[in-house]
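Below is one structure; the comments refer to it alone.
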Amino acid sequence: MDENKPEQTFQWLKSYGKLKAISLFFFIVLLNFQTVNAFNDTKEIILDPIISYDEVSIEIIIAGYFRFEADALITEKHLAYINVEELFKKLGIYCEPENNGNILRGFIENKRIPYTIDVNLKQIIKAEKTIKSVNGIVKELGAIYIETGVLSEAFNMQMIFNFRSLSIKLEAGFDFPFVKQARLEKMRKNVTKLQSNEVEAFDTIIGRNYHLFKGGTLDWALTSFQSENTKPNNRYYLGLGSELFYGEIRVALNYLEQIKFDRRQFYYNWRFINNDKKYLKQVQVGKIGTQSIAFLGAPLVGASFNNSPNTVRKARGTYTISDYTEPNWTIELYINDALVDYTSSDASGFYLFNVPIVYGYTTLTLKFYGPLGEERIEERTQNTPYTFMPFKVLEYAIAGGILENDDGSTFARSEVNYGLSRFLTIGGGVEYLSSIAEQSLIPFAIAAFQPFSQIIVNFKYAHNVSFKSLLNYYLGSSAFLEIAYKKFVKGQQATLDNMNEIKKLQLSLPLKLNKFRGNTKLSFNQFVYDAFNFNQLNALISTRYRNNSANISLASNWISGESAFTTSTLVLSRRFTNGFIVRPSIQYNVSENNTMRIRAEIEKRASKISFSAAYERNIQFRTNNITFSLRYDLPFARTSLNSFYNNKQLGISENAQGSLAFGAGNGAVNAEYNSAIGKGGILCYPFLDLNENNTKDANEPRVFVRNVKIIGGKINSIKKDSIIRISDLNSFIKYKLTFDDGELDNIGWKFKHNTYQVLVDPNQYKKIEIPILVYGEVTGMIYLKKGERTIGQGRITIQIYDKEGHKVAETLSESDGYYSYLGLKPGNYNLIIEPAQLKKLGYRAAPIQRKVTIKALIKGDFVENLNFVLHSSSDL
């Protein structure tokens, strides 16, 4: 291989001055483009006149999770014009017609972003943006229709029209009220489950299916990094998931070319969960995660088991977690794989959650989603800071194995917790680590006390290691005070902490100032050593107003008796109406009264492609850093290109990742760009159950059902094979499926069960037959004989009995005497006029009853002319 090849490849980038000038020019162009679009944005979209069109209903698909139908006009050139008033109302966007429907007014996101659609002027005005289109905004059939491209440009949407399937994939740079409400409803249902012991009712329950071996999922990722004067660094990742010996098996290999292979790069884990067992509910074997008092410093290979279910059981109160990630990212909080809250990080990347306290051993998962579609999952298996048990409930957890360190140290831990009362939980256990020479055994005790839902106190004592106390006082929904104290035994070797004491105080308060909303956080930490005390003081103010956010922080560190080193950081963020986000920031050295760093970032996300760019000048070290990122989503993978230029050195990295889930029905393989391992899916097979035996027979056809309601997952209904595929569900979790009879094409069809509870099997698709019953309809007339005249008689009750003589239904005749009833299963029935009503009115019916047979027909049986004539008793 030519040793000079990297140098030749980057020869044109040797000139630092040229690259800097080009980069600055690039930023100036983007910022000027942004400014022009934000403050003087008038655009005209030219389209050909509509010669002919068809009025149809098309399917709108939002984020792959929600879908509905809306009226549209399809032109001879296959352009789609949407009934915008109907669309906006279904999306939850405020829309009010004026001037006989020629003008639509409303607002997007909030009242500060108004819009006006004027069909006479052929224009859309949204905030400072004006879009004109003579042929793109039309009024037909009494409604305003707008072409999808015009809508996309005016309202920062991405509408991808598929003529063959008559569907539109809809995305936007903001949350639709409908989608936001659905997401909040999802959270409310999960939180309600946490706060209530009520058992939800289902029409049918489908539990685990156990297999010795079944299913298969695969995750893959490729990453390559190149820089000047260095060899390319490639990383390969392959993960496999399946069901093995009735449990979930995960195997993964993470290989880096320039690093000697280490056993830590190989991951394997087998997990079994059965919440119906009393004494043993969860078992793990392989590389396991466990909490510990001692510092382990290496993966643990062994086994763990406990009697805690993986469901969420809500105790009283909450605690807070806060941290930093990338700016403007969306963070979702999961407890035992159930979504309970979500938030967005501010301009500096700060986020905060109030986490519900749950009983027992908990898996806390944070999922991070970036503005460019990045997804990062951080999973922490831990007890919450407050270990509470239900009253008179005892739970245990045991784990042990060998650490993958040079010494092959042995580790073991056992713990028991007991709910002494609703307000007090006590616990204890012992931990063993062979690498601690002087004291391998560490007995420990735990107590958690909650006198009120707003106040929680926790104590933990580890013999010859440490004593820890923690108090949380919640002043309101967004305000809390936390005080923590930890004292270490001098000379302890179990942890890496070499201080004597740690004292922490944290105060968080909501910020409300006129139209500004935000959060303030103040924290103080003190680390006590033999010779000195090290102090940390941090203050944070984060605010939001419309599409702007600001974050200012102050960090001060000092050793007692010496001057402090203090820095302050200001970050501003502005999201413009066309989807661009600009984020300038500055870091200032307060102690030395000089600027340390300045930075500017710009981001833009489209439907499948997104980019970000940043320039940073580190004044302290006199360095410049330029970064650029590009992401493109394929149907089966996510690809990205990232580059940086720092200190006259260029670096470029390429990444591709995706997953495969086998067994997706009818020979299909589900390909996605996110992870499939540890997930599962459901395959719904709707069919007409003509003989009502819950099994599809040869003469019973499949039925295409467009949608099913489920909290979580991704739904894909394909008319070709009539299979509803629901993917991206968490293993060992129960999901509720809801079917709506209105989704069926025939009014004589009804689902036998409208709600299902399904427990997802690991790393596979679970097949479920969905029987649909066929019902017949009976119709007729009720006549009243008056002398020589016969007239229709309303308000007469017709009762329907089955062959055993049980009343199955009744209906009323309309004002003209007509009656009908839809909902009779195949079989023999008798129809009569209600005897008590006849007696009260003094009438007699002829005939006394009508016999009818409902046949099992695919489209449903329809029997008519089942007429009755009423006579006055005095006339007979």
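Only the coordinates and a few stated rules stand behind these numbers; no lab work does. Values in this document were obtained by computation on a predicted structure and should not be read as measured data. Counting neighbours? That spans all protein chains shown, and the Cβs are built from the backbone with ideal geometry, glycine included.
Things worth noting here:
- Per-residue extension of 0.36 nm, minus the Cα-Cα distance of K752 and I455, leaves a gain of 102.0 nm for this segment.
- Among the listed pairs K90/K169; K736/K766; K767/K807; K277/K468; K89/K750, those with a Cα-Cα distance over 26 Å are K767/K807; K277/K468; K89/K750.
- Neighbour-count ranking [beta-carbon atoms within 10 angstrom, fewest first] of S440, S560, S640: S560, S440, S640
- Computed [θ] at 222 nm, helices only, for the chain once each DSSP H run of length n ≥ 4 contributes -39500 (n - 2.57): -2500 deg cm²/dmol
- FRET efficiency, 1/(1 + (r/R0)^6) with R0 41 Å, evaluated for R517 and T738 via beta carbons: 0.70
- Volume per residue that the Cα convex hull of region 777-875 spans, once the total is divided by residue count, Å³: 88
- Remark on region 42-174: Rg and Dmax equal 13.7, 39 Å (Cα only).
- Additional length obtainable on full extension of the chain from N120 to L496, 0.36 nm per residue less Cα span: 128.0 nm
- Tail weight of P(r) past 54 Å, computed on alpha-carbon pairs of the chain, percent: 27
- Once the C-beta distance of K111 and A531 is scaled by a Förster radius of 60 Å, the resulting FRET efficiency is 0.50 to the nearest 0.05.
- Packing-based order for 48-55, 709-716, using average beta carbon neighbours within 10 Å, highest first: 709-716, 48-55
- Using the Cβ-Cβ distance between S568 and D697 with R0 set to 56 Å, the FRET efficiency from 1/(1 + (r/R0)^6) comes to roughly 0.15.
- Put a plus charge on the Cβ of each Lys and Arg, a minus charge on the Cβ of each Asp and Glu, and nothing anywhere else: the dipole of the chain about its Cα centre is then about 1320 debye.
- Packing-based exposure ordering (other Cβ within 10 Å, fewest first) of K855, K785, K111: K111, K855, K785
- DSSP bridge pairs, the chain: antiparallel proportion in percent, nearest 5: 95
- Region 777-875 - charge dipole about Cα centre, Lys and Arg +1 at Cβ, Asp and Glu -1, debye rounded to 20: 200
- Lys/Arg +1, Asp/Glu -1 at C-beta; region 42-174 dipole; positive extreme among L79, S52, P97: P97
- Region 424-446 and region 803-849: distance between their alpha carbon centers, rounded to Å: 77
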